[in-house]
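As structure tokens, the structure follows; a few thoughts come after it.
The values are calculated or read from the model by the stated rules, or taken from the named source; none is laboratory data. The structure presented is a predicted model; accordingly, all values stated were derived computationally and were not measured. Glycine also receives a Cβ, built like all others from the backbone with ideal geometry; neighbour counts cover every protein chain displayed.
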Amino acid sequence: MSDNQSRNVWIKIDNPLGPNTLAKYKDIYEDVLDDRRLSSDLKFCLRNQENVPKFKYNTERSSSDIKEQVLKSDRVRYVIEHLISDKKSDKASVEKEAEEILAEMAHNFNMGSIRFFAFFMVKVFKALFRRVYVNADGIQMLRELIKEYPVLFIPTHRSYFDFLLISYICYEYEIPLPAIAAAMDFSNMKFFGWLLRQCGAFYIRRSFGTDKLYWAIFTEYVQSHIRNGDRPVEFFIEGTRSRTAKSYVPKVGMLSATLESYFKAEVSDIMLVPISISYEKILEESLYAFELLGIPKPKESTSGLFKARNVLNTDHGTVHFHIGTPISLRQWSVDGNLDRIVHSLEPRYINSLTDDENELSKKLAYHLVLEQQKMLVLSPWTLIATVLIQAKGGMVHIKELSKEVDWLKRQLFNLGAYVDWPANVQVENVIEHYANLHSNIVRVREDGIFEILSQNSVKRGKKLLQDEVFLNGATNVMLSSYRNQLMHVIVRVCLVSVVVNSCQSTSLKIVDMLEQYAFLERLLSREFIFISGKTKEDFNNAVIWLQHVGALHIEDEEGNIKFSLNKHIAFFSAVLEPFLISYWVLCQHLLSLPVDVHGRALAKKHKEIAIDAQQLGLKLLQDSVIKNHEILNLDMLSNGLHSLIDMGTMYKDKRVEENYVSPNHRLVSGIAKKLATLVETPSWTQIGNYTNKPITQSLSSKL
Amino acid sequence: MESDKKPTLTSNNCAKAYEDSLQVPESASAIPKRRQDLLKWNGWGYKDSHFFVNKNEQGEFTGERYNISGTIMPGMKDFMMRKVSIDLNKKAPAQPELTARDIPVPITNNEFTSEIKKAGISFSDDAQDRLFRGHTLHEIFILREGRFERLPDLVVWPEKHEDVVKIVELAMQHNVVVIPFGGGTSVTGSLLCPVKETRMIVSLDTSQMKKILWVDEKNLTACIQSGIIGQDLERKLMEKGYCTGHEPDSMEFSSLGGWVATRASGMKKNVYGNIEDLIVHFKTVTGRGVIEKSCVVPRMSSGPDLHHFIMGSEGTLGIITDVVMKIRPLPECRKYGSIVFPDFESGVKCMREVAKQRCAPASIRLLDNDQFQFGHALKAENKSIISGFMEGIKKLYITKIKRFDLEKISVATLLFEGNKSEVAAQEKRVYEIAAQFGGIPGGEENGQRGYMLTFVIAYLRDIALDYKVVAESFETSVPWDRLLDMCRNVKDRITRECKERGLQHAPYVTCRVTQTYDAGACVYFYFAFNYIGTANPVHMYENIENCARAEILANGGSISHHHGVGKIRQKFLEPTISAPGVGTLQAVKEFLDPKNIFANGNLMIDVKSKI
Ligand SMILES: Cc1cc2nc3c(=O)[nH]c(=O)nc-3n(C[C@H](O)[C@H](O)[C@H](O)COP(=O)(O)OP(=O)(O)OC[C@H]3O[C@@H](n4cnc5c(N)ncnc54)[C@H](O)[C@@H]3O)c2cc1C
């Protein structure tokens, strides 16, 4: 581009980042679709499978062999016998139940379907994405790994397309397609539910807490795949698709059930391979947004997925698919001083993981999530979103925006993130490109002003949802989900910035800072992934970084820290503001609950509390007492509530199946006060007007 | 087998081929008092018997003692090049015989020595006598290439129980360390002298206590001095028409006292029992006097069995002297056999079934594919694997009809003993079970050859060392349900540990199942690697073997089935028997040996118990 750019030069270029400008090879990545655009899809899906590597101890078996072996396994027999002898059931009916469970669960992997799948998916992907970038070194590594070890794929989960992509990429690179642990809801999707099962997906119920038979069958089914190494086993450690595009707190149950095979020395090691999939534009973005607002989601369905927003005709930009460095469970256990000898005294099919093993699995789960995060690719759009959220009134001029985004880009590079920033393209052009890609969220006016759009009203059943605050909220929640994609890079710096920003004087003792930091970390531990026991290290690193960029200065030996309020502190503390204000509102809601003679509020279900707090937020928004739309995000409110529970500030009341909680007023108000010192909140009196009024109208009744 | 020099097997198969294979000369004892006159001082077995690669680059075994002696094995070199990557041009020759100047100056205790002299007990401080020790890799490697930091200062040769009592009394009196020495076949470092020991160390060599004191035909027992070595014991009893049936693979050289002290196991335990089943009574000379029972009875209930405390004590509590053992009439018939299985797994399943039905023949062993191939490499003539192995069996049948994959098959070797009809019945039953698991009979020669190879296998380590390959075996016991996983995981682990240590060549790891029990089996591993490019191969070997042991324990296996703990497995003792367990052993040691004169440092000694 020439030097003499006019202000609006970027507008004149149709598509500065069109497909032609995106290279097939980029850094360590290569585009899988490129060859497919040039060759026959039919040939592709019919190619032979001779080069697919195999686990060295694998014995060939069919899907029905697997089922049969699982039913006959010691583990399942043992549980069945127990159920019979506990008089819970008679033989015939338990066995029948076992067969039914397995039939509902098992995959039906077969090559014919895979070919069909490949044929079909390659077309879909070519329509959806410009490029699907895969790190080639990861592929090579996987192909070798598969031969030597049982392998677990642990991908991030942000979209339905995750498992389709993984299987497709495996097919493309001649890696055995994984057996995928998928949630039962997917099995009900008409065509996909079936197709996925043919392609190796097996379906697990969402909750089966104490159902011993189910647990035994599921464990055996998974472990059987591990032991025989039929194919990699894939599951989503976050348990479900992350609606917020941040990593969810990992679920350990499935992981430890899988790792048991190693703890009990059935296999000599298991390799865990984190996989990070970064989408420039998430297909389900608006579905998620409404779901987060509490609008009931339509049932999972294939047509829902594709029709939702005319998906196939929408440009979804590029995808980055990064296969991470495998983690050896053996190494992890050796480092964790785990001694497997403890399992020598019992038959191995009896469920008996030790506390140490559960603890180790949990640590590993967290570690895996951090590993996934490290390899996520940040689209420039996530930077734009982050800056836009801070824009006053939801509007900002492109010049200003460019400046800020450019600044943020440098910070992120500096923090070691991979930002997919195109080389040799003007910032403004990049921004314009992404504005086009996300034209459902933002608009660039003729005068160069960026503005955030409100979402179109949506139909749910017969009702039409058209509340303005709400539809604005939807856009904001979408935007915040893109911001969330970079939060893992900056969150620790943000926490320190909040602490510094809130300080009244110009210097602070480092120990006091750490204390406040630790408080914030605990409070936000459902929101972001922190490793327990690493608080101090994380804090120190963030302080060092801020020092490095000139935001802080260590003043003396005693660890007094001096600072001037500068750009870094201001920006990074502002990023965290929506979270803190939402949590504060949640506390206010809890404190406003009427109490009985003992000073206790009526215990309520988690969900109810979150919805009521959202309601309070909605009113505050409507009256512009607060401006933060994220208060409407139920996920955030529920995270906040769980943190309060974790921190012991809530009374727990376990009733049949569900947990009821009520606030400990003293403790919750302590948290609220602390939050008020860290972030600017509306005054007490302002809030008082709202919280004393009984809540009459609930959100769903507005629909 | 047609090329073996002495086709000893007659058609009725109940001939004395087996005894012949031991090749015992007529003298009173097969091994002289000065062992080094007949045996290698720095390697395994007889001086006249060893493997080497001849001018035509073919493997050869010298001497006349074994069936394989004097034969040329064209496949051997190739096998060694393939499996352990030897380079014929890269040799690590052993150092010449050591002299007094090369070994530590003996620590003396003149009072003790003169009292020994006075008592008329034979002794020596000759360098060669002091140097004859155990057969752990560590020891052999030092003899070949290094220097010992500590050796016994004196060797004494008691001839009877009373001599031992005298020696122990004197040792107590003069605070001298006594390390019992039987046949020196220990593979656990149990005969190594603690480097830090500043007292005089006496090696109490039991080899001259080699008499059978009496044979009681009514009760079928015999009282035997503990220094007798296996081959002498069996030969002498045979003259009277008896045997003990205790045949560890080291029986040519290992002693009765050594067996008791290590809880040894013989290959024919299915008929005769392990050492603990064979022993009726024995005396142990301790620092507090002689421990023994008052009667020679088959069983008694008199509190915890003291025999079991001393069996396996590895020389830490006292000296075992006179042992009363069960004897059996010689079997009328002895017959070998073998079975070919499509793979190791089906072989294991078959063994499990045989154990379940309690119809195991005197010996049943299962070799994995690598070991089977190895056996083939030691064949006299260079034939294809299958024709070499499958004499008398149609090659077509195995490969075409049964579709066996030669890279997967595994082989069981069998030894039946009893009268003719018993043997016939046993054979029938075992082969029937084998058939259920896809096993087909592989002929008698192969079985016999398998057992013969057992004796010469020990000679291989010396040629391996010649070509810069360290090798050792280790064993364990494991429950049936874990056996296959354990074998696979241990091999995997070793391979990976070698790789992680940057060894240039993949190791050779193979295993075999050597004993079956109701509740599990004994598994033997052979592990060798080419150490070119490594600074301290023995140290590396020990590290890797420790990893393998840790893997075994994690897989539900034991610290050892019969070799014992010695020094090399001490760190696994406490995890195996619990801290109070170690404490108990230590307490007994403290009582019986208050001055710690049996300070060989084995077992629980020096283990820091948490108690
Ligand atoms: C090639 C080979 C094959 C083997 N095969 C087998 C086998 O099949 N089965 C098996 O069980 N083992 C086997 N072993 C191991 C070894 O042979 C046994 O441990 C054997 O029992 C040792 O006997 P030894 O007389 O050689 O004792 P040594 O090696 O001399 O001593 C072993 C230990 O016992 C102590 N000891 C020796 N004699 C006495 C005594 N009279 N009183 C008190 N303590 C004493 C010593 O101090 C030492 O601690 C094998 C070893 C080799 C090298």
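Among the residues of the range A:38-58, count how many are out of contact with any Lys or Arg (no Cβ under 7 Å at 6 or more places or on another chain) and either within 14 Å of another protein chain (Cβ to nearest Cβ) or at positive phi (or both).
The number of residues fulfilling the criteria is 1.
If a residue has to be within 14 Å of chain A (Cβ to nearest Cβ) and at pLDDT 95 or above to count, how many in the range B:500-522 make the cut? Steps first, please.
Start the filter on the range B:500-522 by keeping residues that are within 14 Å of chain A (Cβ to nearest Cβ), which leaves B:500, B:506, B:509, B:519-520.
This time we only want the ones that are at pLDDT 95 or above, so: B:509, B:519-520.
Looking only at that region, the number is 3.
Given the condition under 19 Å from the mean Cα position of the chain (by Cα) and aliphatic (A, V, I, L, M), answer yes or no: does some residue in the range A:384-398 qualify? Break it down into steps so the answer makes sense when it comes.
Here is the first cut: in the range A:384-398, the residues under 19 Å from the mean Cα position of the chain (by Cα) are A:385-386.
In the following step, the residues that additionally are aliphatic (A, V, I, L, M) were identified as A:385.
Yes - at least one qualifying residue is present in the range A:384-398.
So, of the residues in the range B:238-256 that are within 9 Å of the ligand (Cβ to nearest atom), part of a loop (DSSP other than H, G, I, E, B) and of a type in the set (S, T, N, Q), which turns out to be surrounded by the fewest Cβ atoms within 10 Å (Cβ to Cβ)?
Within the range B:238-256, the match that is surrounded by the fewest Cβ atoms within 10 Å (Cβ to Cβ) is B:254.
Restricting attention to the range B:539-582, report how many residues are away from every other protein chain (no Cβ under 14 Å), more than 16 Å from the ligand (Cβ to nearest atom) and surrounded by 17 or more Cβ atoms within 10 Å (Cβ to Cβ).
4
Of all the residues that make up the range A:490-530, how many are out of contact with any Asp or Glu (no Cβ under 6 Å at 6 or more places or on another chain), modelled with pLDDT of 95 or more and not in a helix (DSSP H, G or I)?
6
If we only count helices (runs of 4 or more DSSP H) wholly inside the range A:111-207, which ones have 2 or more residues that are within 22 Å of the chain's Cα centre (by Cα) and among the hydroxyl-bearing types (Ser, Thr, Tyr)? Show your work before the answer.
Values: elements: A:111-128, A:136-148, A:161-172, A:184-187, A:190-198.
Filter on the range A:111-207 gives A:161-172.
What helices (runs of 4 or more DSSP H), lying completely within the range B:258-329, carry at least 3 residues that are surrounded by fewer than 21 Cβ atoms within 10 Å (Cβ to Cβ) and more than 9 Å from the ligand (Cβ to nearest atom)? So that I can check it myself, show each step before the final result.
On the way: elements: B:269-272, B:275-278, B:306-310.
Of the helices (runs of 4 or more DSSP H) lying wholly inside the range B:258-329, those with at least 3 residues that are surrounded by fewer than 21 Cβ atoms within 10 Å (Cβ to Cβ) and more than 9 Å from the ligand (Cβ to nearest atom) span B:306-310.
Looking only at the range A:601-627, count every residue that is among the acidic types (Asp, Glu) and in contact with a helix residue (DSSP H, G or I) (Cβ under 9 Å, 6 or more places away or on another chain) and tell me the total.
Looking only at the range A:601-627, we keep the residues that are among the acidic types (Asp, Glu), and these are A:608, A:612, A:623.
Then drop every residue that is not in contact with a helix residue (DSSP H, G or I) (Cβ under 9 Å, 6 or more places away or on another chain), which leaves A:612, A:623.
Looking only at that region, the number is 2.
Can you tell me which of (1) of a type in the set (Ser, Thr, Tyr); (2) within 14 Å of another protein chain (Cβ to nearest Cβ); (3) buried (at least 23 other Cβ atoms within 10 Å of the Cβ) is the one residue B:410 doesn't meet?
Going through the list (1) of a type in the set (Ser, Thr, Tyr); (2) within 14 Å of another protein chain (Cβ to nearest Cβ); (3) buried (at least 23 other Cβ atoms within 10 Å of the Cβ), residue B:410 breaks only (2).
Could you grab me the full set of residues in the range B:148-177 that are buried (at least 19 other Cβ atoms within 10 Å of the Cβ), acidic (Asp, Glu) and outside any loop (DSSP other than H, G, I, E, B)?
Of everything in the range B:148-177, just one residue is buried (at least 19 other Cβ atoms within 10 Å of the Cβ), acidic (Asp, Glu) and outside any loop (DSSP other than H, G, I, E, B), namely B:163.
Which ranges mark the helices (runs of 4 or more DSSP H) fully within the range A:23-91 that have 1 or more residues being touching a strand residue (DSSP E or B) at 6+ places or on another chain (Cβ under 6 Å)? It would help to see each step written out before you state the result.
Numbers: elements: A:33-38, A:41-46, A:63-72, A:74-85.
Ranges flagged: A:33-38.
Per-residue answers, yes or no, for (1) buried (at least 20 other Cβ atoms within 10 Å of the Cβ); (2) free of Cβ contacts under 8 Å to residues at least 12 places away in the same chain:
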residue	(1), (2)
A:587	yes, no
A:590	yes, no
A:594	no, yes
A:599	no, no
A:604	no, no
A:608	no, yes
A:612	yes, no
A:619	no, no
A:622	no, no
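Just to verify a result, which residue in the range A:147-196, among those that are of a type in the set (Lys, Arg) and modelled with pLDDT of 95 or more, is surrounded by the fewest Cβ atoms within 10 Å (Cβ to Cβ)? Talk me through it step by step, then tell me what you get.
The initial filter retains those residues of the range A:147-196 that are of a type in the set (Lys, Arg), namely A:147, A:158, A:190.
Pick out the ones that are also modelled with pLDDT of 95 or more and you get A:147, A:158.
Working: A:147: 13, A:158: 28.
Once the filter is applied, the top-ranked residue is A:147.
Taking the criterion of being aliphatic (A, V, I, L, M) and surrounded by 21 or more Cβ atoms within 10 Å (Cβ to Cβ), would at least one residue in the range A:452-462 satisfy it? Don't jump to the end; show me each part of the working.
Our first condition is that a residue be aliphatic (A, V, I, L, M); within the range A:452-462, this holds for A:452-453, A:458.
Then keep just the ones that are surrounded by 21 or more Cβ atoms within 10 Å (Cβ to Cβ); that gives A:452.
Yes, some residue in the range A:452-462 is aliphatic (A, V, I, L, M) and surrounded by 21 or more Cβ atoms within 10 Å (Cβ to Cβ).
Any chance the range B:108-124 includes a residue that's more than 14 Å from chain A (Cβ to nearest Cβ), more than 16 Å from the ligand (Cβ to nearest atom) and of a type in the set (Phe, Trp, Tyr)?
First, pick out the residues of the range B:108-124 that are more than 14 Å from chain A (Cβ to nearest Cβ): B:108-124.
Narrowing the set further to residues that are more than 16 Å from the ligand (Cβ to nearest atom) leaves B:108-120, B:122-124.
Now narrow it down to the ones that are of a type in the set (Phe, Trp, Tyr): B:112, B:123.
So far as the range B:108-124 goes, yes, one or more of its residues are more than 14 Å from chain A (Cβ to nearest Cβ), more than 16 Å from the ligand (Cβ to nearest atom) and of a type in the set (Phe, Trp, Tyr).
Within the range A:317-329, is even one residue part of a loop (DSSP other than H, G, I, E, B) and either modelled with pLDDT under 95 or within 12 Å of chain B (Cβ to nearest Cβ) (or both)? If you could, list the steps in order and put the result at the bottom.
Keep residues of the range A:317-329 that are part of a loop (DSSP other than H, G, I, E, B), which gives A:317, A:324-326.
Those left that are additionally either modelled with pLDDT under 95 or within 12 Å of chain B (Cβ to nearest Cβ) (or both): A:317.
Yes.
Regarding residue B:484, is this residue of a type in the set (A, V, I, L, M) and more than 18 Å from the chain's Cα centre (by Cα)?
Details: of a type in the set (A, V, I, L, M): yes; more than 18 Å from the chain's Cα centre (by Cα): yes.
Here the answer is yes, as residue B:484 does meet what is asked.
Could you say whether any residue in the range B:484-496 is closer than 23 Å to residue A:57 by Cβ, buried (at least 16 other Cβ atoms within 10 Å of the Cβ) and within 15 Å of the ligand (Cβ to nearest atom)?
No, there is no match, as no residue in the range B:484-496 is closer than 23 Å to residue A:57 by Cβ, buried (at least 16 other Cβ atoms within 10 Å of the Cβ) and within 15 Å of the ligand (Cβ to nearest atom).
Do any residues in the range B:254-275 that are within 14 Å of chain A (Cβ to nearest Cβ) and closer than 23 Å to residue B:603 by Cβ have Cβ atoms under 6 Å from those of residues that are more than 6 Å from the ligand (Cβ to nearest atom) and at pLDDT 95 or above, where the two are at least six apart or on different chains, and which pairs are they?
Qualifying pairs under 6 Å: none.
Quick one: how many residues across the range B:190-202 are more than 9 Å from the ligand (Cβ to nearest atom), buried (at least 21 other Cβ atoms within 10 Å of the Cβ) and not β-branched (Val, Ile, Thr)?
3
Assess whether residue B:139 counts as being among the acidic types (Asp, Glu), surrounded by 19 or more Cβ atoms within 10 Å (Cβ to Cβ) and within 30 Å of residue B:495 (Cα to Cα).
Values: among the acidic types (Asp, Glu): yes; surrounded by 19 or more Cβ atoms within 10 Å (Cβ to Cβ): yes; within 30 Å of residue B:495 (Cα to Cα): yes.
Against the criterion (among the acidic types (Asp, Glu), surrounded by 19 or more Cβ atoms within 10 Å (Cβ to Cβ) and within 30 Å of residue B:495 (Cα to Cα)), residue B:139 qualifies.
Pick out, from the range A:360-458, the strands (runs of 3 or more DSSP E) lying fully within it that include 1 or more residues that are of a type in the set (Ser, Thr, Tyr) and within 27 Å of residue A:162 (Cβ to Cβ).
By residue number, no strands (runs of 3 or more DSSP E) qualify.
Consider the range A:208-233. How many of its residues are in a loop (DSSP other than H, G, I, E, B) and surrounded by fewer than 24 Cβ atoms within 10 Å (Cβ to Cβ)? Full working, then the answer.
The first filter runs over the range A:208-233 and keeps only residues in a loop (DSSP other than H, G, I, E, B), leaving A:208-211, A:229-232.
So of that shortlist, the ones also surrounded by fewer than 24 Cβ atoms within 10 Å (Cβ to Cβ) come out as A:208-211, A:229.
Final tally of qualifying residues: 5.
Residue B:225 - would you say it is more than 11 Å from the ligand (Cβ to nearest atom) and either more than 14 Å from chain A (Cβ to nearest Cβ) or in contact with a helix residue (DSSP H, G or I) (Cβ under 8 Å, 6 or more places away or on another chain) (or both)?
Numbers: more than 11 Å from the ligand (Cβ to nearest atom): no; either more than 14 Å from chain A (Cβ to nearest Cβ) or in contact with a helix residue (DSSP H, G or I) (Cβ under 8 Å, 6 or more places away or on another chain) (or both): yes.
For residue B:225, the condition - more than 11 Å from the ligand (Cβ to nearest atom) and either more than 14 Å from chain A (Cβ to nearest Cβ) or in contact with a helix residue (DSSP H, G or I) (Cβ under 8 Å, 6 or more places away or on another chain) (or both) - is not met.
Taking residue B:180 and the conditions (1) of a type outside the set (A, V, I, L, M); (2) in a strand (DSSP E or B); (3) away from the ligand (no atom under 11 Å from the Cβ), which numbered condition does it fall short on, given that it satisfies the others?
(3)
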